1. Do we find that Val54 is closer than 24 Å to Ala219 by Cβ, among the β-branched types (Val, Ile, Thr) and open to solvent by 20 Å² or more (accessible area, probe 1.4 Å) in this structure?
2. Checking Gly110 against (1) open to solvent by less than 50 Å² (accessible area, probe 1.4 Å); (2) assigned to a loop (DSSP other than H, G, I, E, B); (3) small (Gly, Ala, Ser), which test does it fail?
3. Can you name the number of the only condition in (1) open to solvent by 60 Å² or more (accessible area, probe 1.4 Å); (2) modelled with pLDDT of 95 or more that Asp193 fails?
4. Can you tell me how many residues in the range 160-178 are within 11 Å of Ala138 (Cβ to Cβ), open to solvent by less than 20 Å² (accessible area, probe 1.4 Å) and of a type outside the set (A, V, I, L, M, F, W, C)?
5. Just checking, does the range 212-220 include any residue being in contact (Cβ under 8 Å) with a residue 24 or more places away in the chain and in a strand (DSSP E or B)?
6. Which of the residues that make up the range 1-20 are farther than 17 Å from Phe69 by Cβ and assigned to a helix (DSSP H, G or I)?
7. Select, from Ser224, Ser248, the only residue that is at pLDDT 95 or above and either open to solvent by 40 Å² or more (accessible area, probe 1.4 Å) or among the aliphatic types (A, V, I, L, M) (or both).
8. Return the only residue of Lys121, Lys116 being open to solvent by 20 Å² or more (accessible area, probe 1.4 Å), free of Cβ contacts under 8 Å to residues at least 40 places away in the same chain, within 22 Å of Thr174 (Cα to Cα) and in a helix (DSSP H, G or I).
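The values are calculated or read from the model by the stated rules, or taken from the named source; none is laboratory data. Quick caveat, the model's predicted, so the values are computed rather than measured. Cβ placement follows ideal geometry from the backbone for every residue including glycine, while neighbour counts extend to all protein chains displayed. Ligands, DNA and RNA are stripped out before the accessible areas are found, and what is left, the full protein with its side chains, is counted by its heavy atoms. Shrake-Rupley method; radii C 1.70, N 1.55, O 1.52, S 1.80 Å.
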Amino acid sequence: MSTTPDTRWAVVTGASSGIGAATARKLAAEGFRVVLGARRVERINELASEIDGVAVALDITDPASVEAFVEQVGTCHVLVNNAGGAKGLAKVADADEDDWRWMWETNVLGTLRVTKALLPKLVASGDGHVVTVTSIAATEIYDNGSGYTAAKHAQGALHRTLRGEHLGEPVRFTEIAPGMVETEFSEVRFGGDAERAAAVYQGLTPLTADDVADVIAFAVTRPSHVNLDFIEMKPRAQASATRAHRQS
C-alpha cells in the first residue's frame, strides 16, 4: 500500500459494521487513508481490502489492545470515536451492574483511552479532528434507559471538555448525536433478539448508517478554521428520544 507525504489519515473505531463501516467507506471516498479498528478482525480485513485501508484489531475496553493499536498508527489527522453501544432497558430499581459496567467501559472509558492515546498525533499533524459519535441520549433521558443515557452524557461531557482544553491548538472537535439509526445497535441492546430490535423502527423511516457517515464526512472536510461543535440528527418522524410519529 503506497502513501505520500500529503496523505490524510483517518482512524475509525467500531469499524466492523453500522456507522463505523459506513464512515470508513465515506472517508475513503473523500480521499482519506483509513485505519479500521474493531474486535471482529475478519470483517475489517474485508472492508480494508475494499477501500485500500488498514485493518488493526482493537478492543477499546482493553488498555493493552488500545496501546498496541495506537503503536500501529503513524500519522493521524482524523479520529472517529464510533465504538459504543447499549445493553438492556432496565429501570434503575432493576439495574444490572454488569450491563452498566459494559456501557461505561465501552462508551466512556473506551473513548477516553483512544482519544488520549491519539491526541498527540492529532495535534502533531497540524490539522487534527476528533469526531465522537454520541447520541441524543447524551442530552436527553428516558425511562428504563438510565445506564445508557448516563454513559452517553458522560461521553459527551468528556468530548466537549476537550474543545476548551485544546483551544488554540491545531485540532477540531465535533460531536455527532444521532437519534434512531437502524444498525446492529438495537440487536446488541436486546441480546440478539432481532424481532424486538426491528420493532424499534416499526412504522417510521429511521436514519441509516450512511446518513450519519455523510454528516461525519461533511464535518471533517470543512476548511480548517471551521469547527462544527455539535450536530444532532434525527429521522423526520422523530422529535425526541421519547416522541416519534409512527404510521399504523
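1. yes
2. For Gly110, the exception is condition (2).
3. Looking at each condition in turn, Asp193 falls short on (2).
4. So the count comes out to 2.
5. No, every residue in the range 212-220 fails to be in contact (Cβ under 8 Å) with a residue 24 or more places away in the chain and in a strand (DSSP E or B).
6. The answer is Gly18, Ile19.
7. On the way: Ser248 fails: at pLDDT 95 or above.
Selected residue: Ser224, the only one of Ser224, Ser248 that is at pLDDT 95 or above and either open to solvent by 40 Å² or more (accessible area, probe 1.4 Å) or among the aliphatic types (A, V, I, L, M) (or both).
8. Numbers: Lys121 fails: free of Cβ contacts under 8 Å to residues at least 40 places away in the same chain.
Step by step, each of Lys121, Lys116 is checked, and only Lys116 is open to solvent by 20 Å² or more (accessible area, probe 1.4 Å), free of Cβ contacts under 8 Å to residues at least 40 places away in the same chain, within 22 Å of Thr174 (Cα to Cα) and in a helix (DSSP H, G or I).
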